[in-house]
Amino acid sequence: MLARRGTVALTTLALVALGLSGCASAPPGATDDGGGGANANAASINVQLGVDYLQQGNLALAQDKLLRALREDPHSAEVHGALALLDERLGNAREADKEYLRALHLSHDAPAMLNNYAVYLCSHGRPDEGVHYFEEAAANPLYRTPWAAYTNAGVCLQSVHRDAEAMTRFERAMQSNPGFADATLDASALDFAARHYVQARVRIDLYLMSYPATPDLLLLGWRIAGAQSDAGGQQRYAARLHKEFPHSGQERAIELAAMRSSD
């Protein structure tokens, strides 16, 4: 998911949205020659391999696999979406844009491809276009996680300091799925930054009453309680963090803060 994170996580999200992480081995019959079905199958495998190399930072091998996939199935939205990621990593912004648009056309504006292109746009200084595509994905009835797209739109807007607009997207995400922790966290973090402590803490506590805690939410609750000079509240968040997420980075952050305050 996406907030607290900026463009790095936005780019990572594109890989996740494509569903292309991990390697695969070719099943019998998936060769470079033969029928169209076999070619499409081979292309899909090469895309998987290419994206895996891309994630490892081996751009030369990634390019080899993806160009092979393109030869095997030049009309595959998956292939063109992966080539867009490669072009992005290679710094070929214009070619990446073309590949994303080609993938969108071939997929008939599939929600995952809309999301991927939105990630690209937000990562390259085009937030209004990115938000448009995120919201188009969210509005598509075939998209199973519209709350994620709304949250991504909020993060995109937050990255260019349009916090009020970002908050409206986080609120849409929470309306779509009240149990989506990222949206609750991002909205509460915005309120915390604006010193709207009561509103931020109420939102977190209402979430924690109904849904499983996350270490980030508990840490943020602890920080808000500290800003309110509520030592008892801080102790409750810290105790829950210790019980449910022992040895986590968030628990360690509280321990370090306590050590500094005692010096």
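The values are calculated or read from the model by the stated rules, or taken from the named source; none is laboratory data. The structure displayed is predicted, hence computed values, not measured ones. Virtual Cβ from ideal backbone geometry, glycine too; neighbours counted across all protein chains shown.
Candidates Ala138, Ala82, Ala164, Ala110: the one that is surrounded by fewer than 20 Cβ atoms within 10 Å (Cβ to Cβ) and at pLDDT 95 or above is Ala164. Among the residues of segment 53-102, those identified as in contact (Cβ under 8 Å) with a residue 12 or more places away in the chain and outside any helix (DSSP H, G or I) are Asp73, His75, Ser76, Leu90.
Scanning segment 136-163 for residues that are in a helix (DSSP H, G or I) and closer than 25 Å to Asp87 by Cβ returns Glu136, Ala137, Ala148, Ala149, Asn152, Ala153, Val155, Cys156. Selection of segment 172-195 for residues being within 14 Å of Val155 (Cβ to Cβ) and of a type in the set (Asp, Glu) yields Asp182, Asp186. Does at least one position in segment 185-194 carry a residue that is part of a loop (DSSP other than H, G, I, E, B) and farther than 22 Å from Met113 by Cβ? Yes: segment 185-194 contains one or more residues that are part of a loop (DSSP other than H, G, I, E, B) and farther than 22 Å from Met113 by Cβ.
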